[in-house]
Amino acid sequence: MKSSILHYPWLSITLAIIAMLSFFILANPSFLIFYKIPDIFFNSDYQAAVLLVVLCIMLWDMHLFFRKKYKNDAIINELFIAKKQLQNKAHSYAAHSDKLKLFISERLLEYIQYDEKFLHFKNIAAEVRHNGVICFDKVQTALAGAIGHYSELQKHEDIAACRDAVNDMRYLWDLLDLSTADNIALHIGDYLCECEEQYFQQLLQKDGKTPYHPTFNASNVLISTLAEQVEAPERLRAFGDSGEYIDYRDALFSISAESKVELLGNENHFRLILENLLSNAQFYANKKTSNKNQPSVVIRLSQSDHDLSVKVYNRGKHIDEDNGDKVFQLGYSTRRKKENHGKGLGLYFVRNIVQGYEGSINFTNISNQPDFYSLRFELDNNEPITDIAETIIENKRVVIKQEAANTSAKQKQWKFSQAIKAIDVYSKYENNTYRFTIDNQDSLLLTDPKPGSIPTWSLTLVQKKRSSLVVFAPIDNQGVQFNLRLPLATTKLDYHEDIADIDGGDVDQEHQALLDVAERFKT
């Protein structure tokens, strides 16, 4: 706010002095003798008018003076108030700075103590690692002797138990080996280099014998990891024994995987990846209250020419895109509830192992999508009945749009007076039709039959001899999908043009330059 300038009342003072001199001259007859003064100056009305004008000008100057004075007083008051506020802010900021200095000093002390504890932990880890090697060798030797003893007695169950114990000890040792390594990614990378050398020797040698097997089947690791968690473990193991494409579903899991996917390295490292991804998926699957009878964890293994693709989906809450990198940091966890707080270790281990494999990992937030379904029911008398079901999104939830009054419902049902022979479901979003043949079953639950897909709808069929009931319900599939890519074992053998530049230059240009040099030597 600009201040008003107080001007000196020159006009009123000047007019007052002139008026005073004029009246002084008129009051002295001696001045009138020498100067001829007009008669109007002796008129009383004229003199009164002059006095009135001088008085008005003086009053106007006084008005301007006091008005500017009030403005300046207001400005001065505002300045005092602003100064007082600045002083208060200075005091508060000074107090905050003191608190911040105290906080920083406390954190520095904590970090110093943390560094000391970390160094102490590394010393303990080195000792645990040393003693762990000795204990592991002793236990492995004892189990090997037990397996030989039970083989002579032909106790197959005891042999299987000992072999399971050997595998568990090996997994425990690999976990200890990774947790005590200074750099997990570098540690796995060094081990993969050794496996790559053994793999080449295995392919070049006629007998193919190597000190250890440098590759493993990713599908078998997936089966062994999930065998104790699924509802029908024998049915899941049967896929691995038969070598067929894995397509398993129960109330919690939907698993699809190719039968033979060969990777370099230690299978326990890949198992650790799967266990950590599945741990997060199962945590959020158990927290979900709706669609308990539908698979909420979808696992899909597929391979391309050079990579293995692993996708693990769960119906957890979305991950903030801005915090996308934080979920893979040490100590960061999306589980912030008091009753089950995450440790922030799982995804950190996963990312380091993937970096050791020279692979990649990221996540995708899955949202519900509206769709238009056409359902065709074929009854026992071969009469086809067709109806539609349109799904929309309300408050991020998928519901069925009703035809009347712009309402919605969680499901839609049909009643028929005959049994149903077949059902066709057409999805406009997928542009695909699925056909289900009913084999005289009393009750049946049908979902999206596409292997490895995230189910978006379900059909519940309850029928009797002369009646049938069909309930169509959309599935809330809002969640998170982790996408993992690892190079195959054969990737090191196959040539593929992934690198366009070498040291900033073009490969073709360098190749042509070498050919030109060779031609010069020939000539």
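A few remarks follow.
- Single match in Lys421, Lys428, Lys401, Lys412 (criterion: over 29 Å from Tyr245 (Cβ atoms) and touching a residue at least 12 places away in the same chain (Cβ under 8 Å)): Lys412
- With respect to (1) at pLDDT below 85; (2) among the hydroxyl-bearing types (Ser, Thr, Tyr); (3) open to solvent by 100 Å² or more (accessible area, probe 1.4 Å), the lone exception for Tyr429 is condition (1).
- The range 1-43, residues that are open to solvent by 60 Å² or more (accessible area, probe 1.4 Å), modelled with pLDDT of 75 or more and hydroxyl-bearing (Ser, Thr, Tyr): Thr14
- Strands (runs of 3 or more DSSP E) contained in the range 189-304 and holding at least 3 residues at pLDDT 90 or above and within 30 Å of Asp177 (Cα to Cα): 215-217, 262-264, 297-303
- All positions within the range 454-509 that are modelled with pLDDT under 90 and aromatic (Phe, Trp, Tyr): Trp457, Tyr495
- The set of residues from the range 50-97 being more than 22 Å from Phe23 (Cβ to Cβ), of a type in the set (Val, Ile, Thr) and open to solvent by 60 Å² or more (accessible area, probe 1.4 Å) comprises Ile76, Ile81.
- Taken together, the criteria place Asp158 among residues that are touching a helix residue (DSSP H, G or I) at 6+ places or on another chain (Cβ under 7 Å) and assigned to a helix (DSSP H, G or I).
- Some residue of the range 107-124 being surrounded by 12 or more Cβ atoms within 10 Å (Cβ to Cβ) and either at pLDDT 80 or above or of a type in the set (Gly, Ala, Ser) (or both): no
- Single unsatisfied condition, Asn381 versus (1) open to solvent by 30 Å² or more (accessible area, probe 1.4 Å); (2) of a type outside the set (Phe, Trp, Tyr); (3) within 27 Å of the chain's Cα centre (by Cα): (3)
- The one condition in (1) open to solvent by less than 80 Å² (accessible area, probe 1.4 Å); (2) within 21 Å of Lys492 (Cβ to Cβ) that Leu204 fails to fulfil: (1)
- One residue from Asn183, Asn268 being under 28 Å from the mean Cα position of the chain (by Cα), surrounded by fewer than 15 Cβ atoms within 10 Å (Cβ to Cβ) and at negative phi: Asn183
The values are calculated or read from the model by the stated rules, or taken from the named source; none is laboratory data. On a predicted model such as this, the values are computed, not experimentally measured, just so you know. Backbone-built Cβ (ideal geometry, glycine too); neighbour counts: all protein chains shown. These accessible areas exclude ligands, DNA and RNA; they are computed on the full protein's heavy atoms, side chains included. Shrake-Rupley method; radii C 1.70, N 1.55, O 1.52, S 1.80 Å.
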